[in-house]
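The values are calculated or read from the model by the stated rules, or taken from the named source; none is laboratory data. All figures in this text were calculated on a predicted structure; none of them were measured in a lab. FYI the Cβ positions are ideal-geometry reconstructions off the backbone, even for glycines, and counts take in every protein chain you see. Each accessible area value is taken on the protein alone, full model and side chains, heavy atoms only, with ligands, DNA and RNA left out. Shrake-Rupley method; radii C 1.70, N 1.55, O 1.52, S 1.80 Å.
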Amino acid sequence: MTANSMIRFAASAAVVMILVTAGCERDESTLEPAAYPTTAEVFIDEFGPGVQYHAFGASKVDALDISTSVTYRGTKSLMFVIPNEGDPSGSFAGGTFVSAGGRDLSGYDALTFWAKGSMPATLNEVGFGNDNSGTSRYVALKSDLPVSTTWRKYTLPIPLPEKLVQERGLLFLAEGPENGNGYELFIDDVQFERLGTLAHPKPFMTSRTVTAEINDSFPVEGTGVTYDQSGVPNTIYALPGYFTFSSSDDGVATVDENGLITAVGLGTATISATLGSVDVDGTVTVTVGEAAPGPAAPAPVPTIAAADVISLFSNAYSNVPVDTWSADWDDAGVSDIQIEGDDVKKYSNLVFAGIEFTSQLIDASDMTTLHVDFWTPDPTDPPAVFKIKLVDFGADGAFGGGDDAEHELTLTSSSMPALASNRWVGLDIPLSAFTGLRTKAHLAQMIISGDPNTVYVDNIYFYRGDMPTEPAVPAPTPTVPASEVISLFSNAYDDVLVDTWSAVWDDADLADITIEGDDVKKYTSVVFAGIEFTSQTIDATAMTHFHMDVWTPDVITDPAVLKIKLVDFGPNGVFDGGDDVEHEVSLNASTTPAITTGNWSSLDIPLSVFTGLVTRGHIAQIVISGDLRTIYIDNVYFHE
């Protein structure tokens, strides 16, 4: 975990103290600036002067207590009651201790404290520099800090003490249940110290190469420092505010005091940094190119009734609150643009982008589909992919609370829905396709990622609607050259002889239909369907893939599957002649290739996956079975 990926808590309102005085007027021009106190104590039997505790939003607000029975030394210690999973009073314990007026901590090199638990545990986060204002620049932390049932001293190095001359954030922590179980955490003797044992600082940041367009902005990542503490490494992660950044060419890319890089001109620049006088390990190489033309027209205006929509972003609807369209832990730049008056989100340098709506979770239990309008100038040919992940925080409403659920779908130019370049593509994705999303009542995040570097998105919403019962459009027309194909069924090719598409021994009903003039096979009441070409078996020895386009109105959920079996009768060409071989593959919404509900799924399966099919010179049967009861198929062929 890095400082850039720390948990972000909803801060409660900070206490504002105003001192009003009356009396004779003074000549303030002769006064020196008031010095901030250098008090070291945060809690040693009592709270240090001016220390206040602010519980984090969504935490168990009464988690903090004072213990007089369990102490490291003295008569009192801090006791945090970590809640059990599902505790209605809060999903975790956490908050920050702040100094009301601020302190000068520049004379210290570490925050130290003693801690133990009523059982062994791992603290999610503990650190300093968070003053609960939402604008803290000098947060530093450790994550996954182990505690045992015996007292132990912990040291959190201050990356650059000279920065903390008026710091309000003294100590913060956040901890949730351990494997669903709560416990008691004790902390004592919390103070800043000048240890003198922290030597040889090795500051670092994540090295990466970024391709950008003018006006794109993105942060440096993974900033922190490792010290040698009496021969043992001690690493603290820290916000970029501790570092001093520079650009090799300010005419190409600038970087501000918080590590935000902005592309300003064409060319290549390198972003480097120092921590005080020490060079930081890691650089960011920024290459700024000409911006590719964006959409000339806005995405189509949605027509779904507003009563059936939960909208995150669309001019056509009232939108629910979204906390951020580019979380501070992601790796993307986002900008707001307009196309003919229509608001659009433009993502650049898209590695992954976090869209969060944690302050007001979305209940999409009654919704059936996720819609996103997608436009990219970048190639979408294989192997380019665009991924969409939905994350549900569960009933406790907290990340990592033990009841989270998520699922990620991968879209390509051959998936359904399919990607394309230089035109708006409406992605309508059945929520049933997100099979790992066990619940949709507490959606908190959407994460987009993939290969297109620049992506425009619009009209992002969940909607409720009846799923179609049959395809509205035909399957995509195959593009494999006919010379590389053995086709059993396709209007795009000349087909070989097939004896039957529903053998007398199968258990399925078959109908021949057309969709916009394209011939399609429709199977209903499917238990298993037998396709036979025994009178003229197929020699697929030179082929590498088996292809079939499939459409179903049935909900695809794990473990629901579609099974496809290929059977080779062997050189004697007779069923059960002693040399038969066969193999069956199972496909669902989580496999590659995957099947989705209400869309054509192009199944292009390597024949190597049919491992039991050790010969392919006399293929005579295809058997379709599984959990789907209604199946439309088209473009059934082998190809090189």
The range 53-77, subset closer than 17 Å to VAL190 by Cβ and touching a Phe, Trp or Tyr at 6+ places or on another chain (Cβ under 7 Å), residue surrounded by the most Cβ atoms within 10 Å (Cβ to Cβ):
SER77
Enumerate the strands (runs of 3 or more DSSP E) found wholly within the range 301-380, keeping only those where 1 or more residues are open to solvent by 10 Å² or more (accessible area, probe 1.4 Å) and β-branched (Val, Ile, Thr).
309-313, 331-339, 342-356
The condition from (1) modelled with pLDDT of 90 or more; (2) open to solvent by less than 10 Å² (accessible area, probe 1.4 Å); (3) under 20 Å from PHE374 (Cα atoms) that LEU443 misses is numbered (3)
Test: residue in the range 361-369 that is within 19 Å of the chain's Cα centre (by Cα) and closer than 23 Å to ALA296 by Cα
no
Residues of the range 524-537 that turn out to be touching a Lys or Arg at 6+ places or on another chain (Cβ under 9 Å) and surrounded by fewer than 22 Cβ atoms within 10 Å (Cβ to Cβ), as a count
4
Can you name the number of the only condition in (1) surrounded by fewer than 18 Cβ atoms within 10 Å (Cβ to Cβ); (2) farther than 23 Å from ASN181 by Cβ that GLY400 fails?
(2)
Within the range 381-397, take every residue that is assigned to a loop (DSSP other than H, G, I, E, B), within 30 Å of GLU125 (Cβ to Cβ) and of a type in the set (A, V, I, L, M, F, W, C) and give me the one that is least open to solvent (accessible area, probe 1.4 Å).
PHE393
Could you tell me how many of the residues in the range 500-523 are open to solvent by 70 Å² or more (accessible area, probe 1.4 Å) and not aliphatic (A, V, I, L, M)?
6
Output the number of residues of the range 567-607 satisfying the condition of being outside any loop (DSSP other than H, G, I, E, B) and either open to solvent by 40 Å² or more (accessible area, probe 1.4 Å) or among the charged types (D, E, K, R) (or both).
7
I want to confirm something. Restricting to the range 473-508 and keeping residues that are in contact with a Phe, Trp or Tyr (Cβ under 7 Å, 6 or more places away or on another chain) and not in a loop (DSSP other than H, G, I, E, B), which single residue is farthest from ILE531 (Cα to Cα)?
ALA482
Among the residues of the range 250-270, which ones are buried (at least 22 other Cβ atoms within 10 Å of the Cβ) and aliphatic (A, V, I, L, M)?
ALA253, VAL255, ILE261, ALA263, ALA269
Flag if ASP323 is touching a strand residue (DSSP E or B) at 6+ places or on another chain (Cβ under 6 Å), more than 25 Å from ASN349 (Cα to Cα) and among the charged types (D, E, K, R)
no
Quick one: is ALA238 under 30 Å from ASP109 (Cα atoms), under 28 Å from the mean Cα position of the chain (by Cα) and touching a residue at least 24 places away in the same chain (Cβ under 8 Å)?
yes
Return the residue satisfying two criteria in turn: it lies in the range 271-300 and is hydrophobic (A, V, I, L, M, F, W, C), open to solvent by less than 20 Å² (accessible area, probe 1.4 Å) and part of a loop (DSSP other than H, G, I, E, B), and of such residues it is nearest to VAL344 (Cα to Cα).
ALA299
Single unsatisfied condition, SER207 versus (1) within 24 Å of the chain's Cα centre (by Cα); (2) open to solvent by less than 60 Å² (accessible area, probe 1.4 Å):
(2)
How many of the residues in the range 616-632 are crowded, with 16+ Cβ neighbours inside 10 Å and either of a type in the set (Val, Ile, Thr) or more than 35 Å from the chain's Cα centre (by Cα) (or both)?
10
Take the residues of the range 403-438 that are β-branched (Val, Ile, Thr) and under 19 Å from the mean Cα position of the chain (by Cα): which is surrounded by the most Cβ atoms within 10 Å (Cβ to Cβ)?
ILE429
